[in-house]
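Presented below is the structure to which this report refers.
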Amino acid sequence: MLLLRLVLTLIFAASSASAAPMIWLAESSPGFEKTIKMDEQTRDLILSGLDNINFQIEPTNPKRGLNRLQHESNICVGDKIYNAERQRYSLASAIPQVVVPGLRLYLREELAVKNGLNTDKSSELSLSQLLKNLPDLQLGVMQGRSYGEILDQLLAAPALQRRIWRRSGTDMGAGLVAMLLNGRIDAIFEYPNVFKQYSQHVATESPITYLRLKETPAFISGYVLCSRSEAGKQAIDAISKSIEQLSRNREYLDIHLQWFDEDMHSELTRYYNRIYGTAFDLSQ
């Protein structure tokens, strides 16, 4: 009888463990509300397509979210660049959750004019060369954020650290934009839709321009990352399948398009088709 009870206890414990929900960490904090909802809209569609995996959505700040991803076995986070460091402790969706136009370097226009920088939107400049030409340029970056492998390597240079302001906190995106517009820093890296959203709420007398950088791709893919564990593997496989099915629907493309100016729609759709293997035509 004791043996039977022990076996039943072990079976119940194993069943309870397997039924433990996955946790999708959503960026949030008291007093801060995200205004760009692309991640949340696509996340909700992805999770609605999962039949056999139970997910709970839990708010957290980005830095703590990545820390939990490293140390817990049932964590997922959305819209992240998948670099070599993150590959050590996480699994990525087979295809991206979202695709967006790449990072731009936003800087005070007076600096661009003073230093004769080419701000033609079709041209690209090298950040490495720019930093050499402007030795006093003060950059603002988000603590714990990956800007892509090439930029991450450049920004990690010891000689550059005195020129970098690293902002932490859940509102660090909006905070960096405000710092730039208020003249507290000279330049930041940001996506066009994010900068547009945050900058329209900040009054400034300092015009801002942007540069396209040779070190960043024209478009960026944001992946879902889950814990490198058996539970994480099951979750990321199901998530990948859900994204593959959803991306074939016009609704998923429209979620992308609504957050960008119309003059970016054609180029974004071409890239979307290439990444997801679709054939959407905006003229139809």
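Listing for the model above:
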item: Residues whose placed amide H lies under 5 Å from that of Ile208, excluding near-sequence neighbours; result: Glu109
item: Cross-link pairs beyond the 24 Å C-alpha cut-off, checked among Lys37/Lys214; Lys80/Lys196; Lys63/Lys233; Lys80/Lys114; result: Lys37/Lys214; Lys80/Lys114
item: Among beta bridges that DSSP assigns inside the chain, antiparallel share in %, nearest 5; result: 55
item: Separation of alpha-carbon centers, the stretch 228-248 and the stretch 149-183, rounded to whole Å; result: 32
item: Share of pairwise Cα separations in the chain, more than 31 Å, in percent; result: 34
item: Cα gyration tensor shape of the stretch 73-128, rounded if a/c is under 1.5, else prolate or oblate by comparing a/b with b/c; result: prolate
item: Of all accessible heavy-atom area on the chain, the percent that carbon and sulfur account for (1.4 Å); result: 50
item: Selection from Ala26, Gln284, Gly49, by position along the positive dipole direction of the chain (Cβ); result: Ala26
item: Å² of accessible area per residue within the chain, as computed with a 1.4 Å probe and no ligands counted; result: 52
item: Per-residue HN-Hα couplings for the stretch 264-269 [Karplus 6.51, -1.76, 1.60; θ = phi - 60°; Hz; x = Gly/Pro]; result: 9, 5, 5, 5, 5, 5
item: Lys/Arg +1, Asp/Glu -1 at C-beta; the chain dipole; positive extreme among Gly102, Ala178, Ser168; result: Ser168
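The values are calculated or read from the model by the stated rules, or taken from the named source; none is laboratory data. This is a predicted model, so every value here is computed, not measured. FYI the Cβ positions are ideal-geometry reconstructions off the backbone, even for glycines, and counts take in every protein chain you see. Heads up: the accessible areas ignore ligands, DNA and RNA and are worked out on the full protein's heavy atoms, side chains in. Shrake-Rupley method; radii C 1.70, N 1.55, O 1.52, S 1.80 Å.
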